[in-house]
Amino acid sequence: MDWTKNYFDDVYLKYFLLSQKEERTKVQVDFVEKFLKKGSYILDTGCGIGRHSIELAKRGYKSLGIDSNPLYVNIARETKNRLQLENVEFEVMDMREIPFENTFDAIINMWSSFGYFDDATNENIILLFYKALKKGGFLLIDIENRDYILKYFIRETFKEKEDGVFILERRKFDPITSVVSTHRYILGPNIRKDYLRHIRIYSLTEMINIFKRAGFNRLEYFGNYNFEKFHVDSERILIIGFK
């Protein structure tokens, strides 16, 4: 069963996507921009409501944002139109089925938008990204660091939002599959929902091998958006592969 179909809904939009601060987006795009050339054409995969694509467009880059969720894509289009940006487009598209070849100067997959499927499918997505890049282009994947998650594993969190809604999350880790399963409960005066999420978490070693098998000939990796060197206590893996 594809858990993503039910997980990314209007509730996730309200409590997780719309709560992202503009300053955080700018810092993340600052990082991406260090690797871009003037006039680059960028594919933003799993773009959500388009915060990275919109910021890139504001800076003069041409971008295409894709997401499998029509609700989020429509919101991204509304933002694009409101800001009168002509150098960014948004399409409803599953990253497992992208049809492009030698099209983009850069592909970005930001903020844990990778690892949603089984190992073979996840690896094939990287191969599709490779095919979609022009020679000399790069792929950036930003995910949580498996080593950090396991060292500081948090089994349960409980938060209260400003509107009186409570969010409880209970997590389990499968050491055979390296999948973290999260059961999220959202409870409030007018809402009572629960969701399941299953994310395959990767070590840097695993990601390096996946990138190499796809054909990437040069790799760089960092522990955060401040270009800090990756280490076992890095919360995130930012890996860049050059074609």
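Express the relative contact order of segment 67-209 as a whole percentage, based on alpha carbon pairs under 8 Å and six or more residues apart in sequence.
Dividing the mean separation by the residue count of segment 67-209 yields 18 percent.
Of Y130, Y15, Y202, which is the most mobile in a GNM of the chain whose springs link Cα atoms less than 10 angstrom apart?
Y15
Count of lysine pairs in segment 1-79 with Cα atoms under 28 Å apart, counting only pairs 8 or more residues apart in sequence or on different chains?
For segment 1-79, the number of qualifying lysine pairs is 21.
Determine ³J(HN,Hα), in whole Hz, for all residues of segment 108-115 in sequence, where each value follows from phi through the Karplus function 6.51 cos²θ - 1.76 cosθ + 1.60 and θ = phi - 60°; x replaces Gly and Pro.
Values, residue by residue: 10, 9, 9, 6, 6, 9, 10, x Hz.
What does the charge dipole of the chain about its Cα centre add up to, to the nearest 20 debye, if the Cβ of each Lys and Arg holds +1 and the Cβ of each Asp and Glu holds -1?
360
Give me the extension gain from L196 to K14: residue separation times 0.36 nm, minus the current Cα-Cα distance, reported in nm with one decimal.
63.8 nm
Answer with one residue from L168, F8, L140: the one whose Cα lies farthest towards the positive end of the charge dipole of the chain, charges on Cβ with Lys, Arg +1 and Asp, Glu -1.
Sorting the options by dipole projection puts first L140.
Just to confirm the filter: which GluC sites (Glu not before Pro) across segment 1-38 are DSSP coil and have at most 13 other Cβ within 10 angstrom of their Cβ?
Filter output for segment 1-38: empty list.
Among E162, E144, E123, determine the one that fluctuates most according to a GNM of the chain built with springs between C-alpha atoms less than 10 Å apart.
Top of the fluctuation ranking is E162.
No solvent, one uniform scatterer per C-alpha: report log10 I(q)/I(0) for segment 1-95 via the Debye equation at q = 0.14, 0.17, 0.20, 0.23 1/Å, two decimals.
Debye curve over Cα of segment 1-95, log10 I(q)/I(0) at q = 0.14, 0.17, 0.20, 0.23 Å⁻¹: -0.50, -0.72, -0.98, -1.24.
Could you give me the percent of Cα pairs per 10 Å distance bin for the chain, shortest bin first, beginning at zero and ending with the bin that holds the maximum distance?
Binned Cα distances yield the sequence 7, 30, 38, 21, 4, 0.
Taking N as the number of residues in segment 201-243, what is its Cα Rg relative to 2.2 N^0.38 Å? Walk me through the numbers before you get to the answer.
Details: Rg = 10.3 Å, N = 43, 2.2 N^0.38 = 9.2 Å.
Computed over Cα atoms of segment 201-243, the ratio equals 1.12.
What is the count of Lys pairs in segment 112-243 whose alpha carbons sit under 22 Å apart, if the two are 8 or more places apart or on different chains?
Lysine pair count for segment 112-243: 14.
Of the candidates F227, F173, F138, which one comes out as most mobile in a Gaussian network treatment of the chain with C-alpha springs shorter than 10 Å?
F227
Here, each number is a calculation from the coordinates, and none is a lab measurement. Quick caveat: nothing in here was measured; it's all calculated off a predicted structure. As a convention, Cβ positions derive from the backbone with ideal geometry for all residues, glycine included, and neighbour counts pool all protein chains shown.
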